[in-house]
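Remarks on the structure that follows.
The values are calculated or read from the model by the stated rules, or taken from the named source; none is laboratory data. Keep in mind it's a predicted model, so treat the numbers as computed, not measured. Reconstructed Cβ throughout: ideal geometry from the backbone, glycine too, with neighbour counts over all protein chains shown.
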Amino acid sequence: MSSARDQILGSIRKSLGREALAGEDAAKLHEKLARPPRNLIPDRTDLDHDGQVGLFKDKLVAAACSVSEVSGMDQVPKALSEWLGRENLAARVIQSPALAADLDWSDTPTLEVKTGMSDGTDETSITPIFAGVAETGTLMLQSDASLPTSLNFLPENHVVIVRENQIVGPLEDAWARLRTARAAESGETMPRTVNLITGPSRTGDIEQKIQMGAHGPRRLHVILVRD
């Protein structure tokens with residue numbers, strides 16, 4: 001554990017009137033953190049990968065997302081441009097820096113594209129994900145310098161690229177994949193932030209009526225890239 005984390009946890013223990021863990025108790029805690037136990041897994045995710053992809057799409061639609069499918073990353077710009085046209089949205093988009101090397105916008109010259117983090121004035125963003133969870137239609141996104149969280153929540157419209165091989169069955173599998181990937185890449189178990197997003201933002205607090213875009217994007221569109 002890092003010294004900063006030790007200091008934070010030490011302060012919490014002190015406020016709760018607890019002594020620092022030691023001996024067998026500390027060993028059990030570190031073992032649990034190193035190898036987190038799996039929780040209950042819903043039967044509906046017990047499918048082959050094609051079945052999980054189908055379930056993921058169904059759950060996206062149920063969560064008020066729209067979905068378009070393409071056969072490769074080279075078709076993403078056109079799919080995005082067509083979606084913007086169908087929704088009568090401005091042909092402007094801000095992309096995650098992580099996508100700058102993956103997308104060629106030359107075939108969509110009428111589309112204005114910039115790269116970076118959102119300052120709150122951008123109408124539409126496009127980002128990658130780390131994993132798609134078929135269990136609930138949830139998107140798992142990391143945060144770092146190339147994946148600014150502002151793109152996930154500030155624009156009115158959020159477009160997400162999902163590759164079929166990023167789709168897993170239950171949420172437990174997404175966390176396991178994240179831990180493995182992070183350990184291999186940086187030796188760390190978690191990124192700075194993990195965002196779990198299921199559908200566009202909504203609330204029913206106002207007169208018990210669903211209002212879209214209350215705390216984030218009003219529209220969430222998924223471009224599914226087939227392997």
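Among the conditions (1) in the same structural domain as ILE167 (by TED's automatic domain parsing); (2) of a type outside the set (Val, Ile, Thr); (3) in contact with a Gly (Cβ under 8 Å, 6 or more places away or on another chain), GLY51 misses just one, which is (3).
For the stretch 190-227, the set of residues classified as over 17 Å from the mean Cα position of the chain (by Cα), over 22 Å from HIS158 (Cα atoms) and either free of Cβ contacts under 8 Å to residues at least 24 places away in the same chain or in a strand (DSSP E or B) (or both) consists of ASP205, ILE206, GLU207, GLN208, LYS209, listed by residue number. For the stretch 177-193, a tally of residues being surrounded by 16 or more Cβ atoms within 10 Å (Cβ to Cβ) and either on the phi > 0 side of the Ramachandran plot or not charged (D, E, K, R) (or both) returns 2.
Selection of first residues in the stretch 121-147 that are assigned by TED's automatic domain parsing to the domain that holds VAL162 and of second residues that are aromatic (Phe, Trp, Tyr) and not in a loop (DSSP other than H, G, I, E, B), restricted to Cβ pairs under 7 Å at least 6 apart or on distinct chains, gives the following pairs, ordered by first then second residue: GLY132/PHE56; ALA134/PHE56; GLY137/PHE56. Might you check whether a residue that is without any contact (Cβ under 8 Å) to a residue 24 or more places away in the chain, surrounded by fewer than 16 Cβ atoms within 10 Å (Cβ to Cβ) and within 16 Å of VAL222 (Cβ to Cβ) occurs anywhere in the stretch 77-85? The answer is yes, given that some residue of the stretch 77-85 is without any contact (Cβ under 8 Å) to a residue 24 or more places away in the chain, surrounded by fewer than 16 Cβ atoms within 10 Å (Cβ to Cβ) and within 16 Å of VAL222 (Cβ to Cβ). Only one entry in LYS114, LYS57 is exposed (fewer than 13 other Cβ atoms within 10 Å of the Cβ), assigned by TED's automatic domain parsing to the domain that holds TRP175, at pLDDT 95 or above and in contact with a strand residue (DSSP E or B) (Cβ under 7 Å, 6 or more places away or on another chain), namely LYS114. Cβ separations smaller than 6 Å between residues 6+ apart or across chains give the following pairs from the stretch 50-66 residues that are of a type in the set (A, V, I, L, M, F, W, C) to residues that are assigned to a helix (DSSP H, G or I) and surrounded by fewer than 17 Cβ atoms within 10 Å (Cβ to Cβ): VAL53/GLU164. Checking ALA184, ALA174 one by one, the residue that is closer than 26 Å to LEU33 by Cα and modelled with pLDDT under 90 is ALA184 and no other.
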